[in-house]
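Here the structure comes first, spelled out in structure tokens, and everything after it is commentary.
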Amino acid sequence: MQSPDQNKAPFNEEVDALRVTLSREERLLQVLASEIELVSLEHANASHALAQAQAALDAASLIYRTSEAMLQGLEVQHAQLMQNVKEKKAALHPIRRVPAELWADIFTEWVDEEEYDRIGRLDTHPTDTRLPASLIAASVSSFWRKTALSTPTLV
């Protein structure tokens, strides 16, 4: 029904129709007011929950970044300590206590055997290009290189 003209008095038939329409609209207003109240409460609860969730997310993010930085630092320390342990174990290995003179004897024996084998191979493989044992020994470590170069029978 259309809104009545405010400047004109309604007829009796219109009064009844206006009362019915007014009653319906007032009930609808009450329903809408209740829905607005419920939705407003849900909105406030959701807003509060969202704020709590954001605070928890911010705290978790801070913990994550902090622990990630700590983890990286610990991994660097672990790698350095592992390298130190490896170096110390290598320094304590019994092979390190073999005197240079014994290594020189071993290298000389190896070279002598290698030369004997090479002479035999030259008959069948004249283009044998394998490195001599003395060069191989000299390329293993600085200690072996020093030992091989200071052994007159290898040079």
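Output the residues belonging to the stretch 133-153 that are within 42 Å of the chain's Cα centre (by Cα) and basic (K, R).
Within the stretch 133-153, just R145 meets the criteria.
Run down A49, A91 and say which single residue is closer than 26 Å to A138 by Cβ and either open to solvent by less than 90 Å² (accessible area, probe 1.4 Å) or touching a residue at least 24 places away in the same chain (Cβ under 8 Å) (or both).
Unique residue meeting the criteria: A91.
Can you pull out the residues in the stretch 6-21 that are open to solvent by less than 90 Å² (accessible area, probe 1.4 Å) and not acidic (D, E)?
Correct list: A9, P10, V15, A17, L18, V20, T21.
For the stretch 134-154, how many residues are touching a Leu at 6+ places or on another chain (Cβ under 8 Å) and open to solvent by less than 20 Å² (accessible area, probe 1.4 Å)?
So the answer is 3.
Could you please find all residues in the stretch 55-94 being polar (S, T, N, Q) and under 21 Å from the mean Cα position of the chain (by Cα)?
S61, T66, S67, Q72, Q77, Q80
The values are calculated or read from the model by the stated rules, or taken from the named source; none is laboratory data. Not measured: the values here are computed from a predicted model. With ideal geometry, Cβ positions are generated from the backbone for all residues, glycine too; neighbour counts draw on all protein chains shown. In case anyone asks, the SASA skips ligands and DNA or RNA and just uses the protein heavy atoms, side chains included. Shrake-Rupley method; radii C 1.70, N 1.55, O 1.52, S 1.80 Å.
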